[in-house]
1. Return the only residue of 79, 109 being assigned by TED's automatic domain parsing to the domain that holds residue 23 and surrounded by fewer than 16 Cβ atoms within 10 Å (Cβ to Cβ).
2. Within region 12-20, can one find any residue that is assigned to a loop (DSSP other than H, G, I, E, B), farther than 28 Å from residue 365 by Cβ and under 33 Å from the mean Cα position of the chain (by Cα)?
3. Going by what's in this entry, would residue 367 be described as over 21 Å from the mean Cα position of the chain (by Cα) and either at pLDDT 95 or above or assigned to a loop (DSSP other than H, G, I, E, B) (or both)?
4. Tell me, which strands (runs of 3 or more DSSP E) wholly within region 255-320 include 1 or more residues that are crowded, with 24+ Cβ neighbours inside 10 Å and out of contact with any helix residue (DSSP H, G or I) (no Cβ under 7 Å at 6 or more places or on another chain)?
5. Could you pull out every one of the strands (runs of 3 or more DSSP E) wholly within region 477-559 that has 1 or more residues that are free of Cβ contacts under 8 Å to residues at least 60 places away in the same chain?
6. How many residues does region 385-424 contain that are surrounded by fewer than 17 Cβ atoms within 10 Å (Cβ to Cβ) and touching a residue at least 24 places away in the same chain (Cβ under 8 Å)?
7. Which condition from (1) in a loop (DSSP other than H, G, I, E, B); (2) surrounded by fewer than 23 Cβ atoms within 10 Å (Cβ to Cβ) is the one that residue 438 breaks?
8. Out of curiosity, is residue 217 buried (at least 24 other Cβ atoms within 10 Å of the Cβ) and either farther than 19 Å from residue 370 by Cβ or modelled with pLDDT of 95 or more (or both)?
């Protein structure tokens, strides 16, 4: 028996020992209880801050300052490094098949001694424990969380993101309760064992997926660590959890189109759920020319109604699919209970009145990270903390429960348009880059699959510690969170894309189109235009092959609410500041990068048709070749 509170509870042996021998254990029933525990009244200083910290070799080492604000809980990490996800944080402890860095490979020793040391440290602490289910209810991963009680702000965020199973449900199951996953939180090991770095260890045992989080930033563990668990779970049955936002777009003419938007971190997933950020006069700024300073605007008097479905993780479970349907499209449902929203693009009051109103006066307490708020104040999402004097943190975040989001869609949806977002740098003839993408591009399924293998992380990514230059986030853009082999995920994604050919596949840039600074206007305009137009195939005369075959086809021109968007924003080579020579040099950079990335997937275990597509790309395939290769 672990506790009088749950007398018949049966957990893994290690978890039972930790809970039985801990200094104290509190089982939490709701996220609201964790929010209350995040700032204990007897632990705050004179200003109202609660400092979360731990003994490190005899010295108290603070990790974060937490305070209660009118609209929830505000937590700020004392190190700028801890305010965003380190892309190198994951290691694999077990001996199962993986392409990821192993614990032994990185640290030169087996994980088991540290695993036991972690358990012994947890036994010396006051602990918080709760239960959640990751994935599709009844068909997912029952999971347990064990964390230091003083890190309740972290546990609050995790419980909001992944949900929390009431204790009455656990009691009712009694000895019949079995968990398939567990998360252990041990923050001081970051300092004692990992030179201050974020480290998350996945240990895939026979019937239990263990995750050890040695830091308190939710990104690598509470968010992406659970994502890794779901990817490993789905991989065993041939399905995946997509890295995307999804929204039902209802036009002023009562036409509904469902858009699924994928991409690496910073690729515009959260922004696809947002209303257009308008100027004070109601217009949408299409872009600012970085050479001439000219500005272009589009007037869309009435935007489409948005009904959000997913923000970041979408379960594409086999039970949701409809193979007998006339149209072969993908169906999905949200994998999360709350959304980890990045708000760095909201720089002042009035940028996004809708989200600002939701966060200033929420129905329930929210968790704010990297927001400059003092005890008793209202946390304002445009007021990011400074990493250093005069330099704002590029990754302000909040956790928002999806049930409180207006118009939320909770049932499965079928995708009409599947887009992929890329953060693009500016491109000019003098300084050519891969920023040669137009407003949107139409991709054959085979080419859409290749883009999901390459998944460029792109320009100025605010979500992770910067590694400089163009890099790939890997297959599906979820590869940083996967624990197995890239070829297995490539096969799963290949069949998913090729089996849904009635979907319209798009490529959409953000930040820049050639020499024009655009922010996220391209995807907002593409969304408004295509929702009004519908997902029907474009007539041959309305599109042309992009000058770079990797970009598929582009519309000759588009018209939104009577306004024509000119060829400068659709065919970047027509911009005088770029020209064909500048474009071609950028295309060469993109092609070289593409070839470097897709070559990694040429493996005997890759589907033969998928191998054929990769080899065609390496041989300089045309858009027509990709169309041919897309035939099922």
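1. Working: 79 fails: assigned by TED's automatic domain parsing to the domain that holds residue 23.
Testing whether each residue is assigned by TED's automatic domain parsing to the domain that holds residue 23 and surrounded by fewer than 16 Cβ atoms within 10 Å (Cβ to Cβ) leaves just 109.
2. Step one: list which residues in region 12-20 are assigned to a loop (DSSP other than H, G, I, E, B), which gives 12.
Right, trim to farther than 28 Å from residue 365 by Cβ and you get 12.
Checking which are under 33 Å from the mean Cα position of the chain (by Cα) leaves us with 12.
Yes, that holds for at least one residue.
3. On the way: over 21 Å from the mean Cα position of the chain (by Cα): no; either at pLDDT 95 or above or assigned to a loop (DSSP other than H, G, I, E, B) (or both): yes.
Criteria not met by residue 367.
4. Details: elements: 256-263, 284-289, 295-298, 305-310, 313-315.
Result: 256-263, 305-310, 313-315.
5. Details: elements: 504-513, 516-519, 543-545, 553-555.
Fully inside region 477-559 and qualifying: 543-545.
6. Kept after step one, since they are surrounded by fewer than 17 Cβ atoms within 10 Å (Cβ to Cβ), are these residues of region 385-424: 386, 388-391, 403-404, 406-408, 410-411.
The next check asks that each one be touching a residue at least 24 places away in the same chain (Cβ under 8 Å); those that pass are 388, 403-404, 406-408, 410-411.
Residues flagged as surrounded by fewer than 17 Cβ atoms within 10 Å (Cβ to Cβ) and touching a residue at least 24 places away in the same chain (Cβ under 8 Å) within region 385-424 amount to 8.
7. Condition not satisfied by residue 438: (2).
8. Details: buried (at least 24 other Cβ atoms within 10 Å of the Cβ): yes; either farther than 19 Å from residue 370 by Cβ or modelled with pLDDT of 95 or more (or both): yes.
Yes: the conditions hold for residue 217.
The values are calculated or read from the model by the stated rules, or taken from the named source; none is laboratory data. Bear in mind that the values here come from a model prediction, so they are computed numbers and not experimental data. Every residue, glycine among them, receives a Cβ derived from its backbone with ideal geometry; neighbour counts consider all protein chains shown.
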